[in-house]
Each structure stands twice: as structure tokens, then as C-alpha cells.
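Written below as C-alpha cells is the structure these notes are about.
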Ligand code: GLY
């Protein structure tokens, strides 16, 4: 009788432990199917899959576009999840296709372009060529940091402003942290701290939403706070909020400075509790769009935020951690359902319904390569968390 009771208790406890609500292995296999289709139609490695054009065709861009690293990076994640050698060969090919950007000093996006493919490739293979490319790339990126201003310059010109910095730039710091650790050169670390501190001071509003663009003068004074991709200067462009959340989560991971954790937690709260967030938790492209609810979503923002929240869940107390995991799980469930996930067609992309640059009438309600990347990353993070119990 006693033994039966103990067994009963164990069974009830086991059932109480969270069961994954997303079948990651199944989703990964479906992603692989889509991307094997993509590999079959993308044979020229100077043209990278980007999104779908308004005429329905596959839109490809060259390696100097900020998104060139996402395809290779996703292939590495899919190889990691499946150990399928053909994916490894494809990942190697699409990674090296971006290599020449290591010398590109004209963009702040080298973190996206180099760390997503080469960083994942290096993590999985230790290929020394990848390390060299990334160290050169980090050096190129660091030339965009002016110590008098204290931040990395995003673009060379924005509406006449000569030192614009966008919240997206927080995403490039993970790459520089890697370079600091790998090269032993503290310069890269110091740039991260300076950039993150100044962004924390100048990019955020009292409600912890962020401006998209902050324009500085040559000695680091704020001249203007603007938007490029959002609805208005004063609005909360959805993907920008997700970039900030991800960026400050990484800042905490790399420094263990609590001020960055606090910032990430506050951004998470703004994002998760936003009254305009729909029930499926896939945000409209801008939280303040006056057209809500008759406006387009941004699945890419949802994927970035889900991935960030899964990491952040490891740094906070139990209740908060649970709420982050639950939220990310709901996002992944919805992104994995028929409304957002393509099991065929979709020009071989995985997710539907992302929005790139609505004010420029560019990439509206379409698949976009970076949505796929962060969705796959979030799936793998979720699987690891569930395996830990
Ligand atoms: N500038 C990067 C983005 O569109 O999110």
C-alpha cells in the first residue's frame, strides 16, 4: 500500500513537471524540409535569400546587406539539431560566402553578418579560418566606435545627422564580447560597456520602450531622437523593442552587472504587458500604430523576443522565469502553427508575416530571413530548457 502511494505520488509529480508544448524535433524537421528546398533554388552564393518580393518571387541580396549571415547561421543551427552532414556542407558554403565582409567598415551590422554564421560555425567546428575572419571583422566594426562620442556609429548619415545610433546596434555587442575573450584585447569589451551604457541612458523612455534612432554630435551630446523604421519618433517599433531586450540580456550574460539585467527585465515587462499585444503574442509591427488592430504583424520581432526571454529566464527568480518561459512558449506555439509557419511554398522560407520597413513600403507582411534565424534559435533554446526540466 505504502509503495503504491509512493508510486502514485511520483507519477503525479512527474505530470506536474512542465511538458513541452512545442514539438521541437518535428518543427526542426519541417524547417529542414523548407531550407533544403531553399538550397535547391539558391545555387549562386553571391545572392542570399532575403524575403519575398511584392510580385511573389524570391528576393535575394548581396553579402554587403545586413542580413547575409542569417541563412548560414540558420543552417548551422539546423545541422546542430540534426547532425545532417549535407546541412553542414551547406552551412560551410553559405558562411564562407560572407567572408569578404570582414573588411567592411561601412556598416555596424557585422555582428549579424559575421557572428551568426561564423560564430555558430566556430562554436560547432573550431575551424580556425572562422576565428580569423571574425577577429578581422571585430576590428573593422570597432573602427565605427569614436571614444569622444562613446557609441558605435550605425549609419554614416540619417536625415543630415552624422552620428546616428539605432537600438538594433545592441545586437552587435555579442560579437565584440566574443572578440574580447578570444583575442584578449580589452578594447572590444570596453566598447561594449560604453555603447550599452550610453544607449541605456539615451535610448529609453520612462516606460522602458526605446527610440529607434538617437543622433549624436561629435562629442556625444544627443541632438535628436527619431525613428527610421517605426510609426513615429515617439512610438515603440516592435522589432526595436525586441533588439533591446535581446541586447541587454546578452549584456548581463557577459558582464553579470545587475543594471543590465534590470534593464532587460523592464524592457520585457513593457513588451509582454503592452495593451496592443494581440492574444497570440505576435506583435503588430509597431506597438503604437494607430491602425491596430487592422495592421500587419511582425513575426520576426516575436521570434527575437522569444529567444531573448528564454535566455533571460535563466537569470531571474522562479516566478519571473516561469512567466518568461510561458510567454516564449506561447509565441513558439503560435509561430509553429498554420497561421505563421509554412510547411510548403512560402519561397522556402519558414515563417510568414514579418515586416521589415513599413514606412519605406519595404518587406511588409512577408517572410524575412532573420525571422527564421531567431525562430530556430528560440526552438533550440526551448528544447534545452525543457530537457533540463
Ligand atoms: N535594421 C535592422 C532591422 O530592420 O531590424
Exercise. Of the residues 132, 143, which is under 23 Å from residue 243 (Cα atoms), surrounded by fewer than 21 Cβ atoms within 10 Å (Cβ to Cβ) and out of contact with any helix residue (DSSP H, G or I) (no Cβ under 7 Å at 6 or more places or on another chain)?
Worked result: 143
Exercise. Do we find that residue 228 is at pLDDT 95 or above, closer than 26 Å to residue 369 by Cβ and touching a helix residue (DSSP H, G or I) at 6+ places or on another chain (Cβ under 8 Å) in this structure?
Worked result: no
For this session: Identify all residues within the stretch 259-271 that are closer than 25 Å to residue 296 by Cβ and crowded, with 18+ Cβ neighbours inside 10 Å; write none if there are none.
Result: 267, 268, 270, 271
Exercise. What are the residues in the stretch 54-86 that are outside any helix (DSSP H, G or I) and either closer than 19 Å to residue 113 by Cα or within 16 Å of the ligand (Cβ to nearest atom) (or both), if any?
Worked result: 59, 60, 61, 62, 63, 64, 65, 66, 67, 68
Exercise. Within the stretch 228-258, how many residues are assigned to a loop (DSSP other than H, G, I, E, B) and either out of contact with any strand residue (DSSP E or B) (no Cβ under 7 Å at 6 or more places or on another chain) or within 12 Å of the ligand (Cβ to nearest atom) (or both)?
Worked result: 7
Exercise. Restricting attention to the stretch 68-86, and to residues there that are out of contact with any strand residue (DSSP E or B) (no Cβ under 6 Å at 6 or more places or on another chain) and in contact (Cβ under 8 Å) with a residue 60 or more places away in the chain, which single residue is farthest from residue 134 (Cα to Cα)?
Worked result: 81
For this session: Give just the number: which of (1) touching a residue at least 24 places away in the same chain (Cβ under 8 Å); (2) in a helix (DSSP H, G or I) does residue 89 not satisfy?
Result: (1)
For this session: Please note which helices (runs of 4 or more DSSP H) are completely contained in the stretch 293-389 and include at least 3 residues that are buried (at least 21 other Cβ atoms within 10 Å of the Cβ) and within 16 Å of the ligand (Cβ to nearest atom).
Result: 299-312, 369-388
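The values are calculated or read from the model by the stated rules, or taken from the named source; none is laboratory data. Predicted, not measured: the structure shown is a model, and the values here were computed from it. Don't worry about glycine lacking a Cβ; one is built from the backbone with ideal geometry, like all the others, and counts go over all protein chains shown.
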